[in-house]
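Visitor: I'd like to ask you about the structure that follows.
The values are calculated or read from the model by the stated rules, or taken from the named source; none is laboratory data. Please read all numbers here as calculations on a predicted model, not as lab measurements. Here Cβ is always computed from backbone atoms with ideal geometry, including for glycine, and neighbour counts include all displayed protein chains. For the accessible areas, the whole protein counts, side chains as well, though only heavy atoms, and no ligand, DNA or RNA atoms are used. Shrake-Rupley method; radii C 1.70, N 1.55, O 1.52, S 1.80 Å.
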Amino acid sequence: MTEILNTLILGSGPAGYTAAIYAARANLAPVLLTGRQPGGQLTITSEVENYPGFPEGVMGPEMMEKFREQAARFGTVVHDETGTAIDLKQRPFTVTSESGKVWKTRTLIVSTGASALYLGLPNEKALQGRGVSACATCDGFFFKNKVVYVVGGGDSACEEANFLTKYASKVYLVVRREALRASKIMQDRALKNPKIEVLWNQNVTDVLDVSKGKVTGLELTHTKTGAKKQVPADGLFLAIGHQPNTELFRGLLNMDDKGYIQTVPGKTATNLEGVFAAGDCQDSYYRQAVTAAGSGCMAAIEVERWLESQHA
Ligand code: NDP
(Lines give C-alpha, C1' and ligand atoms only; values in the text may rest on other atoms or scores of the structure.)
Protein backbone atom coordinates (compact mmCIF):
# COMPACT_ATOMS: atom_id res chain seq x y z
CA MET A 1 0.00 0.00 0.00
CA THR A 2 1.25 3.51 -0.81
CA GLU A 3 2.47 5.36 2.27
CA ILE A 4 0.45 8.45 3.19
CA LEU A 5 2.74 11.43 3.70
CA ASN A 6 2.12 14.23 6.15
CA THR A 7 3.19 16.75 3.55
CA LEU A 8 4.39 16.75 -0.03
CA ILE A 9 6.24 19.82 -1.31
CA LEU A 10 6.22 20.65 -5.00
CA GLY A 11 9.11 22.83 -6.14
CA SER A 12 12.72 23.39 -5.11
CA GLY A 13 13.28 27.12 -4.96
CA PRO A 14 13.80 29.03 -1.70
CA ALA A 15 10.12 28.55 -0.78
CA GLY A 16 10.07 24.77 -1.26
CA TYR A 17 13.37 24.09 0.50
CA THR A 18 12.57 26.39 3.41
CA ALA A 19 9.21 24.68 3.84
CA ALA A 20 11.11 21.36 3.79
CA ILE A 21 13.61 22.48 6.45
CA TYR A 22 10.81 23.56 8.79
CA ALA A 23 8.57 20.58 8.08
CA ALA A 24 11.47 18.14 8.58
CA ARG A 25 12.42 19.79 11.87
CA ALA A 26 8.78 19.42 12.95
CA ASN A 27 9.15 15.64 12.38
CA LEU A 28 6.67 15.66 9.48
CA ALA A 29 9.04 13.62 7.26
CA PRO A 30 8.38 15.75 4.17
CA VAL A 31 8.96 14.60 0.61
CA LEU A 32 9.94 17.23 -1.95
CA LEU A 33 9.63 16.89 -5.73
CA THR A 34 12.09 19.31 -7.30
CA GLY A 35 10.30 19.94 -10.60
CA ARG A 36 12.01 20.32 -13.98
CA GLN A 37 14.49 22.94 -12.83
CA PRO A 38 15.98 21.73 -9.53
CA GLY A 39 16.84 24.77 -7.44
CA GLY A 40 14.47 26.99 -9.42
CA GLN A 41 15.13 30.38 -10.94
CA LEU A 42 18.17 31.14 -8.78
CA THR A 43 20.09 28.42 -10.59
CA ILE A 44 19.98 30.55 -13.74
CA THR A 45 20.96 33.79 -12.10
CA SER A 46 24.47 35.04 -11.39
CA GLU A 47 25.37 36.57 -8.08
CA VAL A 48 22.74 37.07 -5.40
CA GLU A 49 23.66 40.24 -3.51
CA ASN A 50 20.53 40.83 -1.49
CA TYR A 51 20.06 37.61 0.46
CA PRO A 52 20.84 38.38 4.11
CA GLY A 53 23.74 36.47 5.59
CA PHE A 54 25.96 36.68 2.51
CA PRO A 55 27.73 40.05 2.83
CA GLU A 56 30.01 39.27 -0.12
CA GLY A 57 27.15 37.90 -2.25
CA VAL A 58 26.71 34.28 -3.29
CA MET A 59 26.27 32.55 -6.64
CA GLY A 60 22.64 31.48 -7.16
CA PRO A 61 23.36 27.79 -7.94
CA GLU A 62 25.67 27.50 -4.91
CA MET A 63 23.02 29.00 -2.65
CA MET A 64 20.38 26.55 -3.89
CA GLU A 65 22.75 23.61 -3.34
CA LYS A 66 23.10 24.77 0.28
CA PHE A 67 19.30 25.02 0.62
CA ARG A 68 19.02 21.44 -0.63
CA GLU A 69 21.74 20.16 1.72
CA GLN A 70 20.06 21.87 4.67
CA ALA A 71 16.68 20.34 3.80
CA ALA A 72 18.25 16.88 3.43
CA ARG A 73 20.19 17.24 6.71
CA PHE A 74 16.94 17.17 8.67
CA GLY A 75 15.56 14.22 6.75
CA THR A 76 13.64 15.67 3.81
CA VAL A 77 13.47 13.10 1.03
CA VAL A 78 14.19 14.97 -2.22
CA HIS A 79 13.27 13.46 -5.60
CA ASP A 80 14.29 14.99 -8.93
CA GLU A 81 10.79 14.46 -10.26
CA THR A 82 7.99 16.65 -11.60
CA GLY A 83 4.35 16.31 -10.58
CA THR A 84 2.29 15.96 -13.75
CA ALA A 85 -1.17 14.99 -12.48
CA ILE A 86 -2.98 15.85 -9.32
CA ASP A 87 -6.17 14.86 -7.56
CA LEU A 88 -7.29 17.23 -4.84
CA LYS A 89 -10.91 16.05 -4.82
CA GLN A 90 -10.26 13.09 -2.55
CA ARG A 91 -8.27 12.85 0.67
CA PRO A 92 -5.49 11.99 0.98
CA PHE A 93 -4.49 14.05 -2.06
CA THR A 94 -2.77 12.24 -4.92
CA VAL A 95 0.12 13.53 -7.03
CA THR A 96 1.50 11.51 -9.92
CA SER A 97 4.99 12.33 -11.15
CA GLU A 98 6.28 11.99 -14.70
CA SER A 99 7.99 8.68 -13.93
CA GLY A 100 4.55 7.30 -13.03
CA LYS A 101 5.15 7.25 -9.27
CA VAL A 102 2.09 8.03 -7.14
CA TRP A 103 2.33 10.07 -3.94
CA LYS A 104 -0.43 10.24 -1.36
CA THR A 105 -0.38 13.07 1.11
CA ARG A 106 -2.49 14.69 3.81
CA THR A 107 -1.25 18.17 2.93
CA LEU A 108 0.37 19.78 -0.07
CA ILE A 109 2.74 22.75 -0.25
CA VAL A 110 2.72 24.27 -3.73
CA SER A 111 5.97 26.15 -4.35
CA THR A 112 6.27 25.71 -8.09
CA GLY A 113 7.65 29.21 -8.76
CA ALA A 114 7.45 31.18 -11.96
CA SER A 115 9.05 31.11 -15.43
CA ALA A 116 10.36 33.76 -17.79
CA LEU A 117 7.91 35.36 -20.21
CA TYR A 118 8.56 35.61 -23.94
CA LEU A 119 7.26 38.27 -26.33
CA GLY A 120 5.18 35.79 -28.34
CA LEU A 121 6.74 36.67 -31.71
CA PRO A 122 6.41 34.00 -34.39
CA ASN A 123 10.18 33.59 -34.89
CA GLU A 124 11.10 33.86 -31.25
CA LYS A 125 10.65 30.20 -30.31
CA ALA A 126 12.20 28.98 -33.56
CA LEU A 127 15.38 30.89 -32.73
CA GLN A 128 15.46 30.03 -29.05
CA GLY A 129 18.94 28.74 -28.25
CA ARG A 130 20.08 30.19 -31.58
CA GLY A 131 20.43 33.74 -30.35
CA VAL A 132 17.17 34.13 -28.43
CA SER A 133 17.45 33.59 -24.68
CA ALA A 134 15.76 34.51 -21.41
CA CYS A 135 18.87 33.87 -19.34
CA ALA A 136 21.98 35.99 -19.75
CA THR A 137 23.82 34.02 -17.08
CA CYS A 138 23.25 30.79 -18.95
CA ASP A 139 23.99 32.03 -22.46
CA GLY A 140 25.99 35.27 -22.16
CA PHE A 141 29.27 33.45 -22.68
CA PHE A 142 28.30 32.68 -26.30
CA PHE A 143 28.15 36.38 -27.19
CA LYS A 144 31.80 37.38 -26.88
CA ASN A 145 32.35 40.57 -28.94
CA LYS A 146 28.80 40.39 -30.32
CA VAL A 147 25.96 42.88 -30.46
CA VAL A 148 23.02 41.94 -28.25
CA TYR A 149 19.65 43.42 -27.37
CA VAL A 150 17.92 43.08 -24.00
CA VAL A 151 14.16 43.73 -23.80
CA GLY A 152 12.66 45.10 -20.58
CA GLY A 153 13.02 47.95 -18.14
CA GLY A 154 12.95 46.18 -14.76
CA ASP A 155 15.68 44.99 -12.41
CA SER A 156 16.12 41.81 -14.43
CA ALA A 157 16.69 43.70 -17.68
CA CYS A 158 19.24 46.05 -16.09
CA GLU A 159 20.99 43.16 -14.37
CA GLU A 160 21.10 41.07 -17.55
CA ALA A 161 22.32 44.04 -19.63
CA ASN A 162 25.12 44.72 -17.17
CA PHE A 163 26.07 41.06 -17.04
CA LEU A 164 26.17 40.83 -20.84
CA THR A 165 28.69 43.69 -21.09
CA LYS A 166 31.26 41.23 -19.71
CA TYR A 167 31.10 39.48 -23.07
CA ALA A 168 29.30 41.54 -25.71
CA SER A 169 30.86 44.48 -27.53
CA LYS A 170 27.57 46.42 -27.36
CA VAL A 171 24.34 45.94 -25.42
CA TYR A 172 21.14 47.74 -26.38
CA LEU A 173 18.40 47.92 -23.77
CA VAL A 174 15.01 48.09 -25.50
CA VAL A 175 12.47 49.85 -23.30
CA ARG A 176 8.85 50.24 -24.33
CA ARG A 177 8.30 53.45 -22.33
CA GLU A 178 10.35 56.52 -21.48
CA ALA A 179 11.25 55.22 -18.06
CA LEU A 180 12.82 52.21 -16.40
CA ARG A 181 10.91 50.29 -13.77
CA ALA A 182 14.12 49.03 -12.15
CA SER A 183 15.31 50.10 -8.70
CA LYS A 184 17.51 53.21 -8.58
CA ILE A 185 20.73 51.30 -7.93
CA MET A 186 20.15 48.95 -10.88
CA GLN A 187 19.17 51.84 -13.17
CA ASP A 188 22.33 53.75 -12.28
CA ARG A 189 24.53 50.74 -12.99
CA ALA A 190 22.96 50.25 -16.42
CA LEU A 191 22.83 53.91 -17.40
CA LYS A 192 26.45 54.50 -16.37
CA ASN A 193 27.77 51.46 -18.22
CA PRO A 194 29.53 52.76 -21.36
CA LYS A 195 28.71 49.57 -23.30
CA ILE A 196 24.93 49.91 -22.72
CA GLU A 197 22.72 52.14 -24.85
CA VAL A 198 19.04 52.50 -23.97
CA LEU A 199 16.53 52.60 -26.83
CA TRP A 200 13.48 54.33 -25.35
CA ASN A 201 9.91 53.86 -26.67
CA GLN A 202 10.83 50.83 -28.76
CA ASN A 203 9.38 47.35 -29.10
CA VAL A 204 11.00 44.34 -30.72
CA THR A 205 8.40 43.22 -33.27
CA ASP A 206 10.29 40.57 -35.25
CA VAL A 207 13.37 38.37 -34.95
CA LEU A 208 15.44 37.71 -38.10
CA ASP A 209 16.43 35.42 -39.71
CA VAL A 210 14.80 31.98 -39.43
CA SER A 211 16.05 30.96 -42.89
CA LYS A 212 19.65 31.39 -41.64
CA GLY A 213 18.91 29.37 -38.48
CA LYS A 214 20.19 32.07 -36.11
CA VAL A 215 19.55 35.61 -34.98
CA THR A 216 21.00 38.06 -37.48
CA GLY A 217 18.82 41.09 -36.80
CA LEU A 218 15.66 42.49 -35.24
CA GLU A 219 12.75 44.61 -36.31
CA LEU A 220 12.16 47.49 -33.90
CA THR A 221 8.95 49.51 -33.84
CA HIS A 222 8.68 52.92 -32.23
CA THR A 223 5.82 52.76 -29.72
CA LYS A 224 4.67 56.33 -30.40
CA THR A 225 5.27 56.91 -34.13
CA GLY A 226 4.91 53.29 -35.28
CA ALA A 227 8.10 53.72 -37.35
CA LYS A 228 9.78 50.39 -38.07
CA LYS A 229 13.47 49.70 -38.66
CA GLN A 230 15.66 46.66 -39.02
CA VAL A 231 18.89 46.46 -37.04
CA PRO A 232 21.69 43.89 -37.15
CA ALA A 233 21.90 41.80 -33.97
CA ASP A 234 23.57 38.60 -32.77
CA GLY A 235 21.41 38.02 -29.73
CA LEU A 236 18.06 38.84 -28.15
CA PHE A 237 17.60 38.49 -24.39
CA LEU A 238 14.11 38.72 -22.91
CA ALA A 239 13.76 40.14 -19.40
CA ILE A 240 10.10 41.13 -19.36
CA GLY A 241 8.92 39.36 -16.25
CA HIS A 242 7.56 35.98 -15.35
CA GLN A 243 4.44 33.85 -15.24
CA PRO A 244 3.57 31.56 -12.34
CA ASN A 245 3.96 27.80 -12.87
CA THR A 246 0.45 26.94 -11.78
CA GLU A 247 -1.08 25.27 -14.86
CA LEU A 248 -1.46 21.98 -12.94
CA PHE A 249 -3.76 23.66 -10.41
CA ARG A 250 -6.02 25.52 -12.83
CA GLY A 251 -9.63 24.89 -11.88
CA LEU A 252 -8.54 23.28 -8.60
CA LEU A 253 -7.27 26.28 -6.62
CA ASN A 254 -8.39 29.91 -6.71
CA MET A 255 -6.08 32.07 -8.83
CA ASP A 256 -5.96 35.67 -9.99
CA ASP A 257 -6.28 36.58 -13.67
CA LYS A 258 -2.52 36.06 -14.21
CA GLY A 259 -2.57 32.58 -12.67
CA TYR A 260 -1.04 33.42 -9.28
CA ILE A 261 -2.56 31.18 -6.59
CA GLN A 262 -4.64 33.17 -4.14
CA THR A 263 -4.00 32.66 -0.45
CA VAL A 264 -5.76 33.82 2.69
CA PRO A 265 -4.34 37.32 3.42
CA GLY A 266 -1.24 37.06 5.61
CA LYS A 267 -1.20 33.25 5.28
CA THR A 268 -0.23 30.60 2.77
CA ALA A 269 -3.52 28.67 3.07
CA THR A 270 -5.37 28.36 -0.23
CA ASN A 271 -9.13 28.03 -0.73
CA LEU A 272 -8.72 24.26 -0.28
CA GLU A 273 -8.04 23.08 3.27
CA GLY A 274 -4.74 21.27 3.53
CA VAL A 275 -3.25 22.92 0.43
CA PHE A 276 -0.77 25.75 0.99
CA ALA A 277 1.04 27.92 -1.56
CA ALA A 278 4.38 29.66 -1.03
CA GLY A 279 6.87 31.66 -3.07
CA ASP A 280 6.53 33.08 -6.57
CA CYS A 281 3.58 30.87 -7.57
CA GLN A 282 1.44 32.99 -5.22
CA ASP A 283 3.38 36.26 -5.08
CA SER A 284 3.27 38.69 -7.98
CA TYR A 285 4.41 41.59 -5.84
CA TYR A 286 7.65 40.91 -3.93
CA ARG A 287 9.09 37.96 -5.87
CA GLN A 288 12.32 37.88 -3.90
CA ALA A 289 14.31 34.86 -2.73
CA VAL A 290 14.05 36.03 0.86
CA THR A 291 10.28 36.59 0.75
CA ALA A 292 9.83 33.22 -0.95
CA ALA A 293 11.87 31.57 1.80
CA GLY A 294 9.78 33.37 4.42
CA SER A 295 6.53 32.16 2.91
CA GLY A 296 7.94 28.62 2.73
CA CYS A 297 8.52 28.78 6.47
CA MET A 298 4.95 30.03 6.95
CA ALA A 299 3.56 27.17 4.86
CA ALA A 300 5.36 24.52 6.93
CA ILE A 301 4.12 26.04 10.20
CA GLU A 302 0.57 26.21 8.82
CA VAL A 303 0.82 22.57 7.72
CA GLU A 304 1.96 21.52 11.18
CA ARG A 305 -0.91 23.38 12.86
CA TRP A 306 -3.48 22.16 10.36
CA LEU A 307 -2.42 18.53 10.89
CA GLU A 308 -2.61 19.03 14.65
CA SER A 309 -6.11 20.50 14.32
CA GLN A 310 -7.23 17.35 12.51
CA HIS A 311 -6.33 15.22 15.55
CA ALA A 312 -7.89 17.61 18.09
P1 NDP B 1 9.31 43.43 -13.79
O2 NDP B 1 7.90 42.99 -13.89
O3 NDP B 1 9.75 44.25 -12.62
O4 NDP B 1 9.70 44.25 -15.09
C5 NDP B 1 9.33 43.81 -16.37
C6 NDP B 1 9.82 44.83 -17.38
O7 NDP B 1 9.55 44.33 -18.69
C8 NDP B 1 9.11 46.17 -17.25
O9 NDP B 1 10.01 47.22 -17.53
C10 NDP B 1 8.04 46.08 -18.36
O11 NDP B 1 7.71 47.32 -18.93
C12 NDP B 1 8.74 45.25 -19.40
N13 NDP B 1 7.82 44.50 -20.25
C14 NDP B 1 6.83 43.66 -19.87
N15 NDP B 1 6.21 43.12 -20.94
C16 NDP B 1 6.82 43.64 -22.01
C17 NDP B 1 6.63 43.50 -23.41
N18 NDP B 1 5.70 42.68 -23.90
N19 NDP B 1 7.43 44.19 -24.24
C20 NDP B 1 8.39 45.01 -23.75
N21 NDP B 1 8.64 45.21 -22.44
C22 NDP B 1 7.85 44.52 -21.58
O23 NDP B 1 10.15 42.07 -13.89
P24 NDP B 1 11.66 41.76 -13.48
O25 NDP B 1 11.87 40.38 -13.93
O26 NDP B 1 12.60 42.78 -13.94
O27 NDP B 1 11.66 41.81 -11.88
C28 NDP B 1 10.76 40.99 -11.14
C29 NDP B 1 11.01 41.18 -9.64
O30 NDP B 1 12.29 40.66 -9.28
C31 NDP B 1 11.02 42.64 -9.25
O32 NDP B 1 10.42 42.76 -7.99
C33 NDP B 1 12.48 42.98 -9.16
O34 NDP B 1 12.75 44.04 -8.26
C35 NDP B 1 13.09 41.67 -8.69
N36 NDP B 1 14.50 41.53 -9.13
C37 NDP B 1 15.50 41.97 -8.29
C38 NDP B 1 16.81 41.88 -8.67
C39 NDP B 1 17.86 42.35 -7.73
O40 NDP B 1 17.54 43.05 -6.79
N41 NDP B 1 19.11 42.03 -7.93
C42 NDP B 1 17.22 41.30 -9.97
C43 NDP B 1 16.09 40.90 -10.79
C44 NDP B 1 14.79 41.00 -10.37
P45 NDP B 1 6.84 48.41 -18.14
O46 NDP B 1 7.76 49.00 -17.11
O47 NDP B 1 6.46 49.34 -19.22
O48 NDP B 1 5.68 47.66 -17.54
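Visitor: Restricting to the stretch 1-44, count the residues that are part of a helix (DSSP H, G or I) and of a type outside the set (Ser, Thr, Tyr).
Guide: Going through the stretch 1-44 one residue at a time, the tally reaches 13.
Visitor: Hey, could you check the stretch 175-208 for residues that are open to solvent by 40 Å² or more (accessible area, probe 1.4 Å), assigned to a strand (DSSP E or B) and within 12 Å of the ligand (Cβ to nearest atom) and say which is nearest to Glu47 (Cα to Cα)?
Guide: In this case the residue turns out to be Asn203.
Visitor: Still on this structure: Check the stretch 144-151 and report whether any residue there is surrounded by fewer than 22 Cβ atoms within 10 Å (Cβ to Cβ) and at pLDDT below 95.
Guide: no
Visitor: Inside the stretch 257-297, can you point out the residues that are charged (D, E, K, R) and within 22 Å of Lys66 (Cα to Cα)?
Guide: Asp280, Arg287
Visitor: Tell me which residues, restricted to the stretch 38-52, are away from the ligand (no atom under 16 Å from the Cβ) and without any contact (Cβ under 8 Å) to a residue 40 or more places away in the chain.
Guide: Within the stretch 38-52, just Gly39 meets the criteria.
Residue-by-condition table, conditions (1) outside any strand (DSSP E or B); (2) more than 16 Å from the ligand (Cβ to nearest atom):
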| site | (1), (2) |
| --- | --- |
| Tyr118 | yes, no |
| Asp139 | yes, yes |
| Cys158 | yes, no |
| Leu173 | no, no |
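Visitor: What number of residues in the stretch 28-72 are under 16 Å from the mean Cα position of the chain (by Cα), under 22 Å from Met186 (Cα atoms) and polar (S, T, N, Q)?
Guide: Within the stretch 28-72, residues that are under 16 Å from the mean Cα position of the chain (by Cα), under 22 Å from Met186 (Cα atoms) and polar (S, T, N, Q) number 4.
Visitor: Now for a different question. Filter the stretch 146-156 for residues that are away from the ligand (no atom under 14 Å from the Cβ) and out of contact with any Pro (no Cβ under 8 Å at 6 or more places or on another chain); which is farthest from Gln230 (Cα to Cα)?
Guide: Only one residue fits best here, namely Lys146.
Visitor: Further, regarding this structure: Going through the stretch 126-137 one residue at a time, which ones are more than 24 Å from Ser284 (Cβ to Cβ), within 15 Å of the ligand (Cβ to nearest atom) and part of a helix (DSSP H, G or I)?
Guide: Those that are more than 24 Å from Ser284 (Cβ to Cβ), within 15 Å of the ligand (Cβ to nearest atom) and part of a helix (DSSP H, G or I): none in the stretch 126-137.
Visitor: Would it be correct to say that Gly113 is under 18 Å from the mean Cα position of the chain (by Cα) and open to solvent by less than 30 Å² (accessible area, probe 1.4 Å)?
Guide: Yes: the conditions hold for Gly113.
Visitor: Of the conditions (1) part of a loop (DSSP other than H, G, I, E, B); (2) at pLDDT below 90, Gly53 fails just one. Which one is it?
Guide: Evaluating Gly53 over (1) part of a loop (DSSP other than H, G, I, E, B); (2) at pLDDT below 90 leaves (2) as the failure.
Visitor: Could you pull out the residue among Ser156, Ser133, Ser169, Ser211 that is in contact with a helix residue (DSSP H, G or I) (Cβ under 6 Å, 6 or more places away or on another chain) and either at pLDDT below 95 or surrounded by fewer than 16 Cβ atoms within 10 Å (Cβ to Cβ) (or both)?
Guide: Ser133
Visitor: Something else about it: Yes or no: Ile21 of a type in the set (Val, Ile, Thr), open to solvent by 10 Å² or more (accessible area, probe 1.4 Å) and farther than 11 Å from Phe74 by Cβ?
Guide: So Ile21 does not fit the description; no.
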